[in-house]
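Working notes for the structure below.
Each reported figure results from applying straightforward, stated rules to the coordinates on display, with no laboratory input. Here the structure is a predicted model, which is why all the values come from computation and not from measurement. Ideal geometry is used to build each Cβ from the backbone, glycine not excepted, and the neighbour counts take in all protein chains shown.
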Amino acid sequence: MGDSSSNNEVVGTVGAASKNSGGLLPPLEKLQKLAELAAVVPTDSAADLDETSRSWLIRRRLADKQVAELVELYRSGVGTPALCEQFGISKPSVLELLHERGVQMRRQPLTKTQRAHAVQLYEEGLAIKPIAAELGSSFGAVHRVLKAEGVRLRPRPGR
């Protein structure tokens, strides 16, 4: 224990026996097991994966039948926000699945009635995100409409 370069040197008590922990720290055995598990966890992140591997991660959550249903629903006019909610995946994941299958993407603008409703709701104090949810649209689409309609946008909270 006298050699300070030793990895097995006892530095102090850990866990409930520690005077400063208030009994909140886990026992040494749990910490050692956690360290062992951390040593074998792969360090690859999804950002480092190639396109095929990333797509596989999405498909692993959805069966082929569900992906086919998602494609058909999109082709029938269902919007991506609704698909995201129904299938429990993000918008980029929905778009990636559609793109992989060669589906022609569409950008459906809000109708005149929806545009007027968005402006009214925003001017009444509602934030863009809830407006988008109510209209079944995206934050970006509502934001673009409000700017195009000449609405003075409020600063976003925390900015």
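Can you spot the lysines whose alpha carbon is less than 29 Å from K30's alpha carbon? Ignore those fewer than 8 places along the same chain.
Cross-link targets: K19.
Can you list the lysines whose alpha carbon is less than 24 Å from that of K91, not counting same-chain residues fewer than 8 positions off?
K65, K129, K147
At R0 = 35 Å, how high is the FRET efficiency between Q104 and V40 if r is their beta carbon distance? Nearest 0.05 is fine.
0.20
Below 8 Å, C-alpha to C-alpha, sequence gap of six or more: please give me the relative contact order for region 113-159 in percent.
Numbers: 26 pairs, mean separation 15.3, N = 47.
Contact order relative to length: 33 percent.
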